[in-house]
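Report on one structure; see the data block that follows.
The values are calculated or read from the model by the stated rules, or taken from the named source; none is laboratory data. Since the model is a prediction, treat every value here as computed from it, not as a measurement. Neighbour counts run over all protein chains shown; Cβ positions are idealised from the backbone, glycine included. Surface accessibility is based on the protein's heavy atoms, side chains included, excluding ligands, DNA and RNA. Shrake-Rupley method; radii C 1.70, N 1.55, O 1.52, S 1.80 Å.
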Amino acid sequence: MSTYPSSDWWLIGSSALWIAGLAILVAVHSYHGWLASETHRRLPDQFKTRGWVIPFALGMTLFCTGLAVSRHAPWWERTLWGAAAFSSLWRAAGQLQPVLERRTENDAHSQRPR
């Protein structure tokens with residue numbers, strides 16, 4: 001018999017998701033704040049770059065998903081967090097699509113016989 005108390009693994013997992021998402025959000029904001037100061041650009045200008053949008057959207061997806069799967073929130077709150085997670089994931093996918101299309105085109109060109 002174990003001497004450790006039983007853990008609520010669902011709570012640990014959902015908390016890990018939102019904490020990881022929040023860590024990504026803080027890191028992205030910190031990095032782009034530094035980058036803006038180094039390149040003498042305004043921080044709001046950084047918000048328009050793909051280097052900001054994709055990590056920010058993925059961090060928001062993790063954060064919102066962690067809160068959406070929490071058992072301790074009412075159903076309507078979980079639904080709203082789930083919708084926010086889906087919206088963030090959709091935004092990241094929209095930013096990734098042109099990158100993936102270019103990569104596919106480059107792969108097709110590089111495999112052509114010469």
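The label-point distance for Y31 and T79, in a model that sets each label 7 Å from Cα toward Cβ, rounds to 3.6 nm. Taking 8 Å as the Cα distance limit and 6 or more residues as the minimum spacing, I'd like the relative contact order of the chain as a percentage. About 28 percent, as a whole number. The modelled label-to-label distance for the pair I12/L43, using points 7 Å beyond Cα in the direction of Cβ, is 3.6 nm. Per atom type, the chain shows carbon and sulfur on 65% of its accessible surface, probed at 1.4 Å. Ellipsoid fit via the Cα gyration tensor, region 1-99: semi-axes of 32, 17, 10 Å, each the root of five times an eigenvalue, largest first. Report the residue, chosen from V53, V99, V69, that carries the largest GNM mean-square fluctuation when the chain is represented by alpha-carbon nodes joined by springs under 10 Å. For the chain, modelled as a Gaussian network with Cα springs under 10 Å, the answer is V99.
Average accessible surface for region 52-93: 59 Å² per residue, computed with a 1.4 Å probe over protein heavy atoms with every protein chain in place. Legend: helices of the chain (whole DSSP H runs) are marked when their alpha-carbon atoms reach 15 angstrom or more along the helix axis and their mean Kyte-Doolittle hydropathy is at least 1.0; marked are 50-68.
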